[in-house]
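Trainee: Structure in structure tokens, see below.
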Amino acid sequence: MSEFFNQYFDFHVMGEHFWEVLEAFLQNLVIFAVAAALALIWGLALALLRQLPGKKLLPIRFITVAYIDLFRAIPILIIILLISGGVPFLSFIPQSIRIPHWFGKPDPFWYGVAALVIVYGAFTAEVYRAGIEAVPGGQMEAARSLGMSHWQAMRHVIVPQALTLIPAPMLNEMISLLKDTTLISVIAFSEAVLVSREVLSERLNSSAMILTAFFFVVIILPLARVVDRLIARNQGKIARGSHIEVA
Amino acid sequence: MRQTRLTALLAVLLLALASVAAVGCGGGSDTTGTSGGGGVAEGGGGGEPLTVGSDIPYPPFEQGKPGEYTGFDVELMEAIGEKIGRTPEFQDTSFETIFRDVGQGKFDAAMSAATITEEREKAVDFSNPYYLSEQAVLVKEGSPIKSLKELEGKTVAAQQGTTGLELAKEELGGSEIRPYPEGPDAINALKAGTVEGVVIDAPVAQHAVEEGGGIEIVEKVATEEDYGIAVAQGETELLEEINKGLEEVEQDGTYAKIFEKWFHAPPPKAVFSATHEAE
Amino acid sequence: MAETMVKLQGICKRFGDLEVLKGVDLEVGRGEVVCILGPSGSGKSTFLRCINLLEPPEEGEIFIEGNDICKGPGSGTGEQSWELNFVRQRVGIVFQQFNLFPHKTTLENVTLAQEEVLGRSKQEARAKATELLERVGLGDKLDQYPERLSGGQQQRVAIARALAMDPHVMLFDEVTSALDPELVKEVLDTMRELAEEGMTMIVVTHEIGFAREVADRVVFMDGGVIVEEGPPSQVLENPQQERTKQFLGLVLDR
């Protein structure tokens, strides 16, 4: 039993590597911030493309759905490795894009962000879609009957209401995204998991990894509780038939 | 709607069946190596199996598919196995935990182009050295960088948990050092152009250069590293056996033959007299 | 004879295999109030929604103020074949479920389309909205959200919202059917006033009393066709067709 604690909860090891791991964990947060912002925008764009009406725009809707289906299905790790393993060799892309060092962040950072945005764009698009479809059909009818175009209706009537319905599932996706930032460790970006593995091989001890897990729990657990409360609150509101607050 | 559900169920069952069939007929896809029917291709001298943990691939020391592993370490161990009456079974594992795993009995031994270090000796005991190594610095052909020092301030790759990584960290304080999980990943990063140099075991570097891909060695750093076979602490009997087998293999010319095959050169004399006291 | 505001000919509508409208003709003159009655499933709501192209018909022709609003030759399917903008700027509609925008105040509900579709300035839109909301008796509720209003109040806002677009024709789709009985009167009163001011109205309703008192013409539909048509005194008091008699017998005996 004491072996178990030594291997996983050696506080000396945790103490000696605390700042190192914390600094690396901050990198996870940076990846998350960038990827989340981009994925939320990209996902909304996908969701709106998917809603385009009319026969003429069927090809666009089709491609959008195909994209969403595809990238919900492929594991993110594969996408990361495809990008980092293949893109540098595509010489037709200029070097500054192919091996990006934007804003002082090295190429693995951007490959990782790209992979996360590509995949989470698909996931968030589905959350947006659920929100949009949950808005009662009469809203669109009323807006169109007043003469609004499809876009005007979406912009002023549908999307604002959809956004009030999605915080809970969207927050779930964001939590998932935060955890998935650890996948970038496989392309040698110094985030918390990579650093913990280095400590592991150096000290033959897993306590740094436990420390990393602890950091994730500290951040995510409160968020998960917020999600639970949001769901309960909106469900209560639906039950009472009152209008759901738009921010 | 019931029909669609049935069709879906059927599709899932078919998929499951197909997967099972593929696994069964394909002859073992488990990457944990040769346990159970996958292949006793590494067979040595008959007798009790000897599980050997190794981080595969790391050419030219260990490479290949489960059941068909090959490389300098693999062949040397097979030769040793013949001498001591054991059948080595190589199992792929992650390099960063290999010493801990051996120490805790997950494998009987570890042989993975692993340098004997004080730190590692806290968890395992090492055999006599079976290979004398050093580090090498790899760059892309035509690169202006000609030495380790010139990589200062540049992006450098190495493998996690290796002495190459340590060397890079020691010598290159201002560089961005990227630790990859597998050696070949670091080399690929160099070929892709995302890093400017790689610090890795010299024989591995040499092998990579021979494979092509437009890379070259610009410097060798004599770190006086010796590779040893690791066993759990206290396994003195097994260690003695391995040392004995190694000595016999060296003396009857088998070692030289295997060495020539993988390194295209005769072995250095120093290795035959290299000894190591287990601490 | 008043100028023809709306003319529909040979309207057919299918939902999959189900034929809901089997060739319906209707002509409505300026200032006329036409009430459409009928049992559920008669297609009366669908017919109404054809007029503003919420349900574009498979076959038939629609003329608004003499203009053929079909873009393509003969019958069209799908929105692209019809002059949507032309229709929706001249024809307003009020729904059974109100369909107010819950995330906007009462005032904003009435100004939104004015600003976005008609391009009116904020002040213009507000002025018009305020005037209309006062006319329907809700001048004190401008900054309230729809959830705080009663059903009857919400429906009156919906009427104001449609009127703000200066339509030439107003459609009413069973607008009191979802209301508690005591709230029905305020909405019917509003509609009555509108009729007296000369608005051309097509009203699908169950309110026989309203039809009798306000309608210039009553249309009885059943099974996707118009069964009987004429002034209320005729259709309601002296129906000619058997089906009309049956329906009225059921309804009036309540």
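The values are calculated or read from the model by the stated rules, or taken from the named source; none is laboratory data. Here the structure is a predicted model, which means the values were calculated and not measured. All Cβ positions, even for glycine, are placed from backbone atoms using ideal geometry, and neighbour counts span all protein chains on display. Calculation scope for accessible area: heavy atoms of the full protein, side chains included, ligands and nucleic acids excluded. Shrake-Rupley method; radii C 1.70, N 1.55, O 1.52, S 1.80 Å.
Trainee: Can you find, among C:123, C:184, C:151, the residue farthest towards the positive end of the dipole of the range C:122-195? Put +1 on the C-beta of Lys and Arg, -1 on that of Asp and Glu.
Mentor: Sorting the options by dipole projection puts first C:123.
Trainee: To the nearest whole number, what is the average tally of beta carbon atoms from other chains within 10 Å of the beta carbons of peptide B:160-167? Walk me through the intermediate numbers first.
Mentor: On the way: counts 8, 5, 1, 0, 0, 3, 1, 0.
What the average comes to for B:160-167 is 2.
Trainee: So, one more: With a bin width of 20 angstrom, please list the P(r) values of the protein assembly as shown as percents of all Cα-Cα pairs, from the 0 bin to the one holding the largest distance.
Mentor: Per 20 Å bin, starting at zero, the Cα-Cα P(r) for the protein assembly as shown comes out as 13, 32, 22, 17, 13, 3, 0 percent.
Trainee: So if I take the centroid of the Cα atoms in the range B:162-201 and the same for the range C:1-51, what is the distance between those two points in Å?
Mentor: 78
Trainee: Could you report the range C:98-254's accessible area per residue, 1.4 Å probe, as an integer in Å²?
Mentor: 43
Trainee: Here is a further query. With a 1.4 Å probe and all protein chains kept in place, how much accessible area does residue B:211 have, in Å² rounded to the nearest 10?
Mentor: Ignoring ligands and nucleic acids, residue B:211 comes out at about 130 Å².
Trainee: Treating only the Cβ atoms of Lys and Arg (+1) and Asp and Glu (-1) as charged, compute the dipole magnitude of the range A:2-240 about its Cα centre; round to the nearest 20 debye.
Mentor: Around 1400 debye, computed over the range A:2-240.
Trainee: Using a Förster radius of 35 Å, what is the FRET efficiency between residue B:68 and residue A:66 based on their Cβ-Cβ separation? Nearest 0.05, please.
Mentor: E between residue B:68 and residue A:66, to the nearest 0.05, is 0.35.
Trainee: Using a 1.4 angstrom probe on protein heavy atoms only, which residues from the range A:131-146 are buried by at least 20 Å² of accessible area when all chains are present rather than their own chain alone?
Mentor: When all protein chains are present, A:138, A:139, A:141, A:142, A:144, A:145, A:146 each give up 20 Å² or more of accessible surface.
Trainee: Which value, in Å³ per residue, describes the convex hull spanned by the Cα atoms of chain B?
Mentor: So the per-residue hull volume is 169 Å³.
Trainee: Report, in listed order, any pair from B:146/B:269; B:149/B:169; B:140/B:191 with a Cα-Cα distance greater than 18 Å. If you can, show how the numbers build up before the last one.
Mentor: Values: B:146/B:269 30 Å; B:149/B:169 12 Å; B:140/B:191 7 Å.
Table pairs above 18 Å Cα-Cα are B:146/B:269.
Trainee: Residue farthest toward the positive end of the dipole of chain B, with Cβ of Lys/Arg at +1 and Asp/Glu at -1: which of B:265, B:72, B:153?
Mentor: Selected residue: B:153.
Trainee: Residues of the range A:196-229 losing 20 Å² or more of accessible surface, assembly versus chain alone, probe 1.4 Å, please list them.
Mentor: A:197, A:198, A:200, A:201, A:202, A:204
Trainee: I want to check the label-to-label distance for residue A:225 and residue B:244. Put each point 7 Å from Cα in the C-beta direction and report it in nm to one decimal.
Mentor: Reported label-point gap for residue A:225 and residue B:244 is 6.5 nm.
Trainee: Have a look at C:84, C:249, A:102 and report the one farthest towards the positive end of the charge dipole of the protein assembly as shown, computed about the Cα centre with Cβ charges (Lys/Arg +1, Asp/Glu -1).
Mentor: C:249
Trainee: Find the centroid of the Cα atoms in the range A:192-224 and in the range B:235-256, then give the distance between the two in whole Å.
Mentor: Using only Cα atoms, the two centres lie 41 Å from each other.
Trainee: With solvent modelled as a 1.4 Å probe, how much accessible area in total do chains A and C shield from it at their shared surface, in Å² to the nearest 100?
Mentor: 2100
Trainee: Whole angstrom only: what separates the Cα centroid of the range A:1-56 from the Cα centroid of the range C:99-144?
Mentor: 45
Trainee: In square angstrom, rounded to the nearest 10, how much accessible surface does residue C:25 have for a 1.4 Å probe?
Mentor: My reading of the accessible area for residue C:25 is about 90 Å².
Trainee: Okay, moving on. Based on DSSP, what percent of beta bridges with both residues in the range B:133-225 are antiparallel, to the nearest 5?
Mentor: Working: 11 of 18 bridges.
Roughly 60 percent of the DSSP beta bridges within the range B:133-225 come out antiparallel.
Trainee: Under 19 Å between alpha carbons, and skipping anything fewer than 8 positions from residue C:13 in its own chain: which aspartates and glutamates qualify?
Mentor: A:141, C:25, C:27, C:55, C:58, C:59, C:61, C:68, C:79, C:83, C:173, C:222
Trainee: Would you list the membrane-span-like helices of chain C, meaning whole DSSP H runs whose alpha-carbon atoms span at least 20 Å along their axis and whose mean Kyte-Doolittle value is at least -0.5?
Mentor: Result, helices passing both filters: C:181-196.
Trainee: By how many degrees, between 0 and 90 and to the nearest 10, does the Cα long axis of helix A:58-73 differ from the longest principal axis of chain A?
Mentor: Between helix and principal axis, roughly 30 degrees.
Trainee: Mind listing, in residue-number order, the residues in the range B:89-109 that have at least 40 Å² less accessible area with every protein chain present than in their own chain alone (1.4 Å probe)?
Mentor: For the range B:89-109, once contacts with the other chains are taken into account, B:96, B:100 lose 40 Å² or more.
Trainee: Once every Cα of the range C:156-254 carries one equal point scatterer and solvent is ignored, give the base-10 log of I(q)/I(0) from the Debye formula at q = 0.12, 0.19, 0.24 Å⁻¹, two decimals.
Mentor: -0.42, -1.00, -1.37
Trainee: Rounded to the nearest whole Å², what accessible area per residue is found for the range B:133-225 with the 1.4 Å probe? Spell out each step's value before the answer.
Mentor: Details: 3440 Å² over 93 residues.
Heavy-atom SASA per residue in the range B:133-225 reads 37 Å².
Trainee: Percent antiparallel among DSSP beta bridges with both residues in the protein assembly as shown, to the nearest 5?
Mentor: The antiparallel proportion sits near 55 percent.
Trainee: Can you work out the base-10 log of I(q)/I(0) for the range A:2-240 at q = 0.07, 0.10, 0.16 1/Å, using the Debye formula on its C-alpha atoms alone?
Mentor: Here log10 of I(q) over I(0) equals -0.32, -0.61, -1.17.
Trainee: So for the range A:132-211, what are the equivalent ellipsoid semi-axes in whole Å, largest first, each being the square root of 5 times an eigenvalue of the Cα gyration tensor?
Mentor: Those come to 50, 12, 6 Å.
Trainee: With both bridge residues required to lie in chain B, what share of the DSSP beta bridges run antiparallel, to the nearest 5%? Intermediate values should be presented prior to the final figure.
Mentor: Working: 21 of 36 bridges.
Taking every DSSP beta bridge with both residues in chain B, the antiparallel ones total about 60 percent.
Trainee: On the full set of protein chains, 1.4 Å probe, figure out the accessible area of residue B:185 and give it in Å² to the nearest 10.
Mentor: 60
Trainee: Rolling a 1.4 angstrom probe over the protein heavy atoms, how many square angstrom per residue are accessible across the range A:2-240?
Mentor: Averaged over the residues of the range A:2-240, the accessible area is 48 Å².
Trainee: Right, next: If I build a Gaussian network model for chain B, linking alpha-carbon pairs within less than 10 angstrom, which residue out of B:68, B:219, B:150 has the largest mean-square fluctuation?
Mentor: Highest fluctuation among the options: B:150.
Trainee: For the pair residue C:240 and residue C:127, how long in nm is the line joining their label points, each one 7 Å along Cα→Cβ?
Mentor: 5.1
Trainee: Given a 1.4 Å probe and every protein chain left where it sits, what share in percent of the accessible area of the protein assembly as shown is carbon and sulfur?
Mentor: Details: 19700 of 35670 Å².
It is 55 percent, rounded to a whole number.
Trainee: How many partner chain Cβ atoms sit within 10 Å of a residue's Cβ in peptide C:226-233, on average, as a whole number?
Mentor: Taking all residues of C:226-233 together, the mean is 0.
Trainee: Provide a whole-number value for the mean count of partner chain Cβ atoms within 10 Å of the Cβ atoms in peptide A:184-190.
Mentor: 5
Trainee: Taking a probe of 1.4 Å and counting only protein heavy atoms, give the total accessible area buried between chains A and B in Å², rounded to the nearest 100. Spell out each step's value before the answer.
Mentor: Details: alone 13940 and 13600 Å², together 25880 Å².
Counting both chains, the buried surface is close to 1700 Å².
Trainee: Using a 1.4 angstrom probe with every protein chain in place, what is the largest-first accessible-area order of A:225, A:72, C:217?
Mentor: Per-residue accessible area, sorted high to low, gives A:225, A:72, C:217.
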